[in-house]
Amino acid sequence: AQTVTQSQPEMSVQEAETVTLSCTYDTSENNYYLFWYKQPPSRQMILVIRQEAYKQQNATENRFSVNFQKAAKSFSLKISDSQLGDTAMYFCASLLNDYKLSFGAGTTVTVRA
Amino acid sequence: DAGVIQSPRHEVTEMGQEVTLRCKPISGHDYLFWYRQTMMRGLELLIYFNNNVPIDDSGMPEDRFSAKMPNASFSTLKIQPSEPRDSAVYFCASSMGGGHGYTFGSGTRLTVV
């Protein structure tokens, strides 16, 4: 079974500042995919960023970037220049060859004005 | 594309009643997933289909739950009879497979009283 661990239940950040969310996962497979999803109060699940395990280069999407450490099985998300609209729950997820997306417990991020 | 469409958005029903949740995936996506989200258990995969065929239903909690996909553009999740502990947000998601990640619908909030 896949295990995705998010050890930070809640994070708070000042607007325009940077926040980093941690995620670790467990797998014996060599090829897999990792994702961060955002769930705002509207409850819509929104794909933020995607990383292919066989690519060493860290993925970036505008203000969102990841630090992918394959050996350590770590996949952290950095939100730069935080905006009020970034307030949401963020889920880390892994996708192995069985096509099943496994989610962590989530981290609630609150951006303060 | 209108994305993954779920209906209804909210459903309130009495214990013992039958509940049917509906989903229209994105055209061209071969995979369809049903997830349940609760505070206690987070996001759980219930069942997924590939080309309309159920592949893994190991997450379906009990025989009271059933899911069908009669064609590529429609799926249902049925609970009969419903119980208060079934109260949750139910998400449908679709994917092209591979490492593309999932696109989620807006979810159905089910309340069983």
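The values are calculated or read from the model by the stated rules, or taken from the named source; none is laboratory data. These figures come from a predicted structure and were not determined experimentally. Methodologically, a virtual Cβ is constructed for each residue, glycine included, from the backbone with ideal geometry; neighbour enumeration extends over all protein chains shown.
Test of understanding: among B:Thr111, B:Thr103, which residue is within 21 Å of A:Met89 (Cβ to Cβ), among the polar types (S, T, N, Q) and surrounded by fewer than 16 Cβ atoms within 10 Å (Cβ to Cβ)?
Working: B:Thr103 fails: surrounded by fewer than 16 Cβ atoms within 10 Å (Cβ to Cβ).
Within the list B:Thr111, B:Thr103, the selection yields B:Thr111.
Applying the selection to the range A:24-47, what residues are within 24 Å of A:Gln57 (Cα to Cα), under 13 Å from the mean Cα position of the chain (by Cα) and within 14 Å of chain B (Cβ to nearest Cβ)? Show your work before the answer.
Taking the range A:24-47 as the starting set, the residues that turn out to be within 24 Å of A:Gln57 (Cα to Cα) are A:24-38, A:46-47.
Add one more test, that the residue is under 13 Å from the mean Cα position of the chain (by Cα), and what stays is A:24-25, A:33-38, A:46-47.
Scanning the range A:24-47 gives A:Tyr33, A:Leu34, A:Phe35, A:Trp36, A:Tyr37, A:Lys38, A:Ile46, A:Leu47.
Listed residues B:Gly98, B:Gly28; which is surrounded by fewer than 19 Cβ atoms within 10 Å (Cβ to Cβ), within 14 Å of chain A (Cβ to nearest Cβ) and of a type outside the set (Val, Ile, Thr)?
On the way: B:Gly28 fails: within 14 Å of chain A (Cβ to nearest Cβ).
The conditions single out B:Gly98.
Could you run through the range B:12-52 and say how many residues are in a loop (DSSP other than H, G, I, E, B) and polar (S, T, N, Q)? First the steps, then the outcome.
The initial filter retains those residues of the range B:12-52 that are in a loop (DSSP other than H, G, I, E, B), namely B:14-18, B:25-30, B:39-41, B:51-52.
In the following step, the residues that additionally are polar (S, T, N, Q) were identified as B:17, B:27, B:51-52.
Counting residues in the range B:12-52 that are in a loop (DSSP other than H, G, I, E, B) and polar (S, T, N, Q) gives 4.
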Worksheet item: Just a yes or no: is a residue in the range A:57-64 touching a strand residue (DSSP E or B) at 6+ places or on another chain (Cβ under 8 Å), away from chain B (no Cβ under 11 Å), touching a residue at least 40 places away in the same chain (Cβ under 8 Å) and over 25 Å from B:Leu32 (Cβ atoms)?
Response: no
Practice prompt. Show the residue pairs that are 6+ apart or on different chains and have beta-carbon atoms under 9 Å apart, the first residue being within the range A:31-50 and touching a residue at least 60 places away in the same chain (Cβ under 8 Å) and farther than 12 Å from A:Phe103 by Cα, the second being assigned to a loop (DSSP other than H, G, I, E, B) and among the hydroxyl-bearing types (Ser, Thr, Tyr).
Written response: A:Asn31/A:Tyr54; A:Tyr32/A:Tyr54
Worksheet, complete the sentence: Exception for B:Asp86 within (1) within 12 Å of chain A (Cβ to nearest Cβ); (2) surrounded by 21 or more Cβ atoms within 10 Å (Cβ to Cβ); (3) farther than 16 Å from A:Asp98 by Cα falls at (1)
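Consider B:Ala93 carefully, then state whether it is of a type outside the set (D, E, K, R) and closer than 28 Å to A:Thr3 by Cα.
The answer is yes for B:Ala93.
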Worksheet item: Under 9 Å by Cβ, and 6 or more places apart or on different chains, what pairs join a residue from the range B:32-44 that is over 12 Å from A:Gly106 (Cβ atoms) and at the interface with another protein chain (Cβ under 8 Å from one of its Cβ atoms) with one that is part of a strand (DSSP E or B) and of a type in the set (S, T, N, Q)?
Response: B:Phe33/B:Ser94; B:Phe33/B:Ser95
Discussion item. Looking at the structure I just gave you, is B:Tyr48 under 22 Å from A:Arg50 (Cβ atoms), out of contact with any His (no Cβ under 8 Å at 6 or more places or on another chain) and in contact (Cβ under 8 Å) with a residue 40 or more places away in the chain?
Written reply: no
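Okay, residues lined up against (1) free of Cβ contacts under 8 Å to residues at least 24 places away in the same chain; (2) touching a His at 6+ places or on another chain (Cβ under 8 Å); (3) among the aromatic types (Phe, Trp, Tyr):
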residue: A:Tyr54; (1), (2), (3): no, no, yes
residue: A:Val66; (1), (2), (3): no, no, no
residue: A:Lys70; (1), (2), (3): yes, no, no
residue: A:Lys78; (1), (2), (3): no, no, no
residue: A:Asp86; (1), (2), (3): no, no, no
residue: A:Ala93; (1), (2), (3): no, no, no
Item to complete: Collect the residues in the range B:55-113 that are among the β-branched types (Val, Ile, Thr) and over 23 Å from B:Thr13 (Cβ atoms), keeping them in residue-number order.
Response: B:Ile55, B:Thr103
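Taking the range A:92-113 as the region of interest, how many residues are of a type in the set (Lys, Arg) and modelled with pLDDT of 90 or more? Spell out how you get there, then give the answer.
So in the range A:92-113, the residues of a type in the set (Lys, Arg) come out as A:100, A:112.
Filter once more, keeping what is modelled with pLDDT of 90 or more: A:112.
Residues in the range A:92-113 being of a type in the set (Lys, Arg) and modelled with pLDDT of 90 or more: 1 in total.
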Worksheet item: In the range A:55-92, which residue that is surrounded by 14 or more Cβ atoms within 10 Å (Cβ to Cβ) and of a type in the set (Val, Ile, Thr) is nearest to A:Thr5 (Cα to Cα)?
Response: A:Val66
